[in-house]
Protein chains: 2
Amino acid sequence: MAKRVSHRDSMCGVARPLDAIGDWWSLLIIRDAFDGLRRFGEFQKSLGLAKNILSARLRNLVAHGIMDTVPAADGSPYQEYVLTQKGQGLFPLLVALRQWGEDFFFAPNEPHVTLVDRVTSLPVRRLELRAQDGRMLMAEDTLVVVPPPVDESE
Amino acid sequence: MAKRVSHRDSMCGVARPLDAIGDWWSLLIIRDAFDGLRRFGEFQKSLGLAKNILSARLRNLVAHGIMDTVPAADGSPYQEYVLTQKGQGLFPLLVALRQWGEDFFFAPNEPHVTLVDRVTSLPVRRLELRAQDGRMLMAEDTLVVVPPPVDESE
DNA sequence: TATAACGGTTGCAAATTAAAACCACAAGAG
DNA sequence: CTCTTGTGGTTTTAATTTGCAACCGTTATA
């Protein structure tokens with residue numbers, strides 16, 4: 001965590017998020033949170049990671065505003081961990097990761113879990129990038145542009 | 001890398017990819033590759049990471065079939081690193097990461113680079129998940145289902 | 001012939017991660 | 001009231017990973 005950030009003083013839009021969720025476990029915790037897990041013990045049992053690591057990761061996610069602690073739910077005197085708005089914003093990323101995984105990390109007929117539409121129970125569509133006018137875009141059709149240079153003397 | 005994978009013997013569609021790209025640097029290398037970087041030195045200068053780390057990451061990406069080494073390009077006797085099909089499949093994930101970063105990691109008026117359509121120079125659309133029938137889906141509208149249990153005696 | 005640039009590898013110290021033991025609190029059993 | 005169990009962590013310690021710096025081999029350059 002909190003790795004030094006190369007020689008660029010301002011991190012780009014890809015590097016900043018990685019500072020918050022760029023480790024193996026954080027995304028898995030978030031995925032479990034999307035699946036409805038909320039309690040420390042639930043995450044630990046589901047992921048099988050050491051308790052101190054889970055503790056540190058949850059603390060980090062809370063510190064980054066990705067999860068939040070809420071006091072109770074059932075009567076237990078403990079707290080629960082829930083996704084914030086910011087955390088919920090990670091859903092497309094998780095879907096992208098899952099779709100890529102399904103495409104390339106499973107043998108042709110190997111069974112795997114699928115993300116489906118609750119209403120129809122059909123698999124969701126593939127994520128695709130589109131232009132403003134609706135054309136589908138591949139990587140080569142895009143370009144990263146820098147913001148117009150701000151005049152310092154202004 | 002190669003972390004032990006909890007108590008589940010079969011990794012899910014989210015965990016498997018993380019084994020390949022689940023560290024801070026790999027995704028940044030891939031992003032740079034999408035931006036056209038190919039040479040060891042280019043990556044190193046762009047990212048400012050230690051050469052041994054870059055060496056290890058590139059080796060790992062090649063081992064996972066995400067990048068490939070090609071012998072030359074200009075006359076230099078060195079090799080270049082290019083994305084495979086599998087690597088190019090990460091484009092949506094990178095876009096998702098970037099969009100999330102732009103949403104939550106920049107102050108309202110803070111300038112940041114933008115991903116634009118090459119043809120129109122307009123920013124690309126937001127990634128959105130849709131059902132087969134085209135309805136837009138939020139996280140709550142989806143469900144992860146396990147594959148039908150295979151009859152072992154078959 | 002020396003010098004520098006490129007593409008790494010190797011050695012080592014420092015930071016991070018993970019396993020295991022421990023601790024605090026509450027609930028229930030006897 | 002004491003004993004045990006379950007939950008939610010923290011502390012301690014060892015193993016792994018990270019990153020800096022130095023080195024090496026090859027090829028271009030002066």
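Quick rundown of the values:
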read-out: Paramagnetic label zone (point 7 Å from Cα along Cα-to-C-beta, B:LEU143; backbone N under 20 Å) in segment A:25-54; value: A:31-38
read-out: Max mean-square fluctuation residue, GNM over chain A, Cα-Cα springs under 10 Å, options A:ARG59, A:ARG31, A:ARG118; value: A:ARG118
read-out: Choice from A:ILE21, A:ILE53, A:ILE30 showing the highest fluctuation, given a GNM over chain A with Cα pairs closer than 10 Å; value: A:ILE53
read-out: Under 5 Å, built H, 5+ apart or other chain: amide partners of A:THR84; value: A:MET67, A:ASP68
read-out: Per the axis that maps chain B onto chain A, nearest residue of B (Cβ criterion) and its distance in Å; value: B:ALA96, 2
read-out: Positive-end extreme of charge dipole, chain A - chosen from A:ASN52, A:GLY89, A:PRO17 (charges on Cβ); value: A:ASN52
read-out: Prolate/oblate/rounded call for the protein assembly as shown, Cα gyration tensor, a/c under 1.5 rounded; value: rounded
read-out: Per-residue SASA entry for B:ARG16, accessible area with 1.4 Å probe, Å² rounded to 10; value: 40
read-out: Relative contact order %, chain B, counting alpha carbon pairs below 8 Å whose residues are six or more apart; value: 13
read-out: Label-point separation in nm, B:ALA73 to B:ARG135, each point 7 Å along Cα→Cβ; value: 4.7
read-out: Whole-percent carbon and sulfur share, accessible surface of the protein assembly as shown, 1.4 Å; value: 54
read-out: Accessible area buried, both sides summed, chains B and A with 1.4 Å probe, Å²; value: 7500
read-out: For B:SER55, label point 7 Å along C-beta direction: distances to other copies, nm; value: 3.8
read-out: Net charge dipole size for the protein assembly as shown [Lys, Arg +1 and Asp, Glu -1 on Cβ; Debye, nearest 20]; value: 720
read-out: Intensity falloff of chain A expressed as log10 I(q)/I(0), Debye formula with alpha-carbon point scatterers, at q = 0.18 Å⁻¹; value: -1.28
read-out: Nearest-first distances (nm) between copies at B:MET11, label 7 Å from Cα via Cβ; value: 2.4
read-out: Residue with peak Gaussian network fluctuation, chain B [Cα springs, cutoff 10 Å], from B:VAL62, B:VAL124, B:VAL113; value: B:VAL113
read-out: Position B:ARG126, label points 7 Å along Cα→Cβ, spacing to each other copy in nm (shortest first, one decimal); value: 2.4
read-out: Solvent-accessible area per residue for segment A:5-154 (1.4 angstrom probe, square angstrom); value: 51
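The values are calculated or read from the model by the stated rules, or taken from the named source; none is laboratory data. Keep in mind that this is a model prediction, so the values were computed, not measured. Please note: Cβ atoms are built from the backbone with ideal geometry, for glycine as well, and neighbour counts cover all protein chains shown. Please note that ligands, DNA and RNA were not included when accessible areas were found on the heavy atoms of the full protein model with its side chains. Shrake-Rupley method; radii C 1.70, N 1.55, O 1.52, S 1.80 Å.
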